[in-house]
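Report on the structure given below.
Derivation of every value follows stated rules applied to the coordinates shown; laboratory data play no part. As the structure is a prediction and not an experimental result, all values here were calculated from the model. Positions of Cβ are backbone-derived with ideal geometry, glycine not excepted, and every protein chain shown enters the neighbour counts.
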Amino acid sequence: MASATLYSVSYDLSHLLLGGIASVFPDPLRAWISNGNVITGLAVLIFAALLLAASMLNTILLIWWERKLLGRFMDRRGAMHVGYAGLLQNFADGFKLFRKTTVQPREADALGFFTGPTAYMVTSMILFGVLPISSGWNSGALPLSLLLALAIFSFAPLFIFVSAWSSNNKYSLMGGMRSAAQMIAYEVPLLLAVVAVVIVAGSFDLTTIVYEQQNYWFWGPLFVALVVFVAGMLAEMERIPFDLPEAEAELVEGWNTEYGGMLFAFFMLADYLRSLIGSILVVLLFLGGWTMPSWVPSAATSFPLAGIFWFMLKTYLVFAVFVWIRAALPRVRTDQLLRVGWNRMIPLSLLAVFLAAALVTVKCVPVFGCLPSPGI
Amino acid sequence: MSEMWINMGPQHPMTHGLWNLRVRIEGEVILDVDPEMGYLHRGIEKISEDRHYNEVITLMDRTCYVAGLAWEHLYMLAAEEALHIRPPERAQYLRVLCEEFQRIASHLMWYAAFVQDIGLMSPFLYGMRDRDLILDLFQSYTGARMTYEYMRAGGVRNDLPPGFTDRARKVLDWLLPRFHEYDQLCLGSDIFHKRCDGLGKLSAEECIRHGVTGPMLRSAGRKRDLRRDRPYAVYDQLDFEVAVADGADVTGRYLVRMEEMRQSVRILYQVLDWLDRHPGPVMADQLPRWLGAPYAPVGREGYLLKRNYPKGVGFSAIEEPHGEALAYVVNEGGEHPYRVKFRSPVFANLAASRHYLVGYRVADIPPIMGSVDVCVGEVDR
Amino acid sequence: MQTDELERTLRPSLGDRITSVEAFPDTAGRVRFRREAALDVFRSVHALGFHHLSTVGGIDWVDHREVFYILWSDDTRQYVVLSTDVPASDAHVESATPVWPSANWHERETWELVDITFDHHPDLRHLLTPDGYAFHPLLRSFKLHEPEELEVKARHV
């Protein structure tokens, strides 16, 4: 296990940087700059900046990944011209959106219109700081990090509804209402599926949950929970077949109809950020996080950043499944979606919880092996 | 949510064109609809009164921009009758070739738009990809992919280029298995059935009361196809089945259009074989001189030559990809048609929209209107 | 159904309410009727099996206007044309919507483009032209541009 963590790297960097700067200045200033609190403060900033850079980079890479995959599913090649295989296309798109004027409808409520997308984006980004990516890349011991993540994740309907309502557009309003209804309906089975994982792992700490998967990943024994969680995630991420809030054929663009320029880019980025987080959560809860399959040679296991590599590989593969679903399925209707949510998903998730409890009771499963620790 | 009117259009992804569907809804349930047309009204009937007979062909390509050749055929049948001209048989076969290829291209365009409406993303591109093959064929013998201007009073402009029939057969061989793939993507999906079964119901009696024709009528089980019931051109010599379904709903219309494409392929194989075996002229040889070439100045000489030409009326009806299309051409002497009247199938199909939309949900509008296959160009003309 | 057969069927019930039944290319024939008897003629023709109204249109013959109705019968698989003349100064005729609801939009279009009013039409609004549009484009008096000089003197012949 690598001893360097993201925070220790940030701290060392901060120390080095401030030490260098301090050596130039005379004494009272030097003492103040090389003060431990200042170093810690800068370290936190660097830590945050690294998180931001990583999340943004991954989000943009994820968009590229979706575009290329979707292109192949559709018998075309996706973005090709900007950068190698279109890798820089999204940066170009982002730059274009950045330069565009943000048009605010005259009758729109300015406060909600501007804070909605910003808050949506910010809450999604905060989430990224909570999730551990590898043994080094995490924010330290957060005993309730899973609860925190899901709590922040469920802020979204509120901000979507605020921005939809304040756009003062009927399509936006309908999209916002659908979004709120759908997210609330699918929050329940999603949380119940998570409860199944928590029962087995015996902890709300994501790092612990990953370490509990050393012997076997949870996707096998908790398959029902995985199905419920993935379906719930699809609804939370508003992707086909559950992309009704922005069903373009009927609601133009749903709750972001009135948005353009950078505010639209915020929505877009936050959507993909949430897709990334959704995929990461699937990997963390069911696919063993950064732990590697047993057939990987130990030399490769101890390689620096190997954990991050495996984690990202799994994340992108999970997302590829989401893209595959998007390429192959039509969209359902609101009432059908809600009916499936309340009538099918909740019983199914209760079943998942029951199975998890049974698993904890028997402790060992024939094919998979035994739980490392007893669970709740 | 209380009742409100929403405007779906004129810029709305559902419209596939430029029109406005005003919908009165309560929550998500449709209480009333009121289509507003005219955004694309170019006065084609009026402009035709001001053009030479062959110049109207240009307008026909623009009447329905996905079925230009079918409309050229429709107009030519009526105009030739009004002008007492009969085209040679090979020209008639070439026109049928055009119309059937156009039917497949139009239906593929419909398929692409329709699946996009219900959220299926990939088949949209599959449909467009395969439609492109047909456009390539059009380009190889008409020189254009959308505005063909291929037919003329008395025949067609030019014969097929060498090797065309083999290339066309290759395209047809490629298309047939593709239709099976399309079916797998749509009919194989439970969500597709959930979205489309039982939507937009309009029984055969209602269809006839409201003038609805084409795949919408055939999906209600009524076997009316002008190619079969009232054969024009050379359709009486061709062997094909009329596609019908009995759902009278969106799925039924899907099935009818899919089957129609298969039948068009069947017709096309026969037409291509005939064209291989029967070379010959593609223009009538006894054409009145004043008809001239399109855009050639006819002027005074033409008027004089025209003076002794018999008057007449022309009436034609064809099974256009969207349904029953009529043309009525009045030749009162003079260089231009005196009056041209077109009947667009989509016009009538849209007029009945209240009867197949009310009671469903807002989310059902895209699949239902998608199954109607709206082509605004021919509604507004 | 031939044209004379059509006349034999319609004449006894309608009498002189139809002025003539004449041949019309590719159809069963053209029934010309007096406009006062429009609804009677519609009902009689509808009873013959012509349930499908394809289109309604108008022609401006300068001194008078003609309204034509094109109908289709699924039984005989034939079209039939109904036509009546209305004076240009008083261009109105009874609406066909009670008999064929599909006439609705076609009559709206004819009303706005050829300036023929349809009495008792349920919803006579502009369809293709904007509300309040004061012109009737399909009238001969509506010129797209100045008429070309077509007068040709005898000596040029």
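At a glance:
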read-out: Residue-count net charge about residue B:281 - beta-carbon cut-off 12 Å; Lys, Arg +1, Asp, Glu -1; value: -2
read-out: Amide proton proximity set for residue B:32, modelled H, under 5 Å, gap of 5+; value: B:24
read-out: Sites residue A:168 and residue A:101, calculated FRET efficiency, Cβ-Cβ separation with R0 25 Å, nearest 0.05; value: 0.85
read-out: Debye, to nearest 20: dipole size of chain C, +1 on Lys, Arg Cβ, -1 on Asp, Glu Cβ; value: 240
read-out: Volume per residue that the Cα convex hull of chain A spans, once the total is divided by residue count, Å³; value: 173
read-out: Nearest 10 degrees, 0 to 90: helix B:164-187 Cα axis against chain B principal axis; value: 10
read-out: Tilt relative to chain B, helix B:68-83 - C-alpha long axis, 0 to 90 degrees, to 10; value: 40
read-out: Segment C:3-156: translational diffusion in µm²/s, Stokes-Einstein, Kirkwood Rh over Cα pairs, 10 °C, 1.306 mPa s; value: 95
read-out: Residue-by-residue Karplus 3J(HN,Hα) for segment B:243-248, coefficients 6.51, -1.76, 1.60, Hz, glycine and proline x; value: 6, 9, 9, 10, x, 6
read-out: 10 Å-binned pair-distance histogram of the protein assembly as shown (Cα, whole percent); value: 2, 10, 17, 19, 16, 12, 9, 6, 4, 2, 1, 0, 0
read-out: Förster-model FRET efficiency, 51 Å R0, residue B:237 and residue B:129, C-beta, rounded to 0.05; value: 0.95
read-out: Cα extents of segment B:179-268 along the three principal axes, largest first (Å); value: 42, 35, 13
read-out: All lysines inside 30 Å of residue B:194 as judged from Cα atoms, apart from same-chain residues fewer than 8 positions distant; value: A:68, A:170, B:223
read-out: Under the span-like rule (Cα at least 20 Å along the axis, Kyte-Doolittle mean at least 0.0), DSSP H helices of chain A; value: A:6-24, A:36-73, A:110-130, A:170-201, A:223-237, A:261-286, A:306-328, A:346-362
read-out: Electrostatic dipole magnitude of chain B [Cβ: Lys, Arg +1; Asp, Glu -1; Cα centre; debye, to 20]; value: 700
read-out: C-alpha long axis of helix B:122-142 to longest principal axis of chain B, angle in °; value: 0
read-out: Interchain or long-range residues, amide H under 5 Å from residue B:18's placed H; value: B:376
read-out: Dipole of segment B:339-381, positive direction: furthest Cα of B:363, B:353, B:379, with charges on the beta-carbon; value: B:379
read-out: Cut-off under 5 Å, modelled amide H: who pairs with residue C:55 long-range; value: C:70
read-out: Spacing of the two label points (7 Å from each Cα toward its C-beta) at residue A:126 and residue B:147, in nm; value: 5.8
read-out: FRET efficiency estimate (nearest 0.05) - Cβ-Cβ, residue A:56 to residue C:135, R0 56 angstrom; value: 0.45
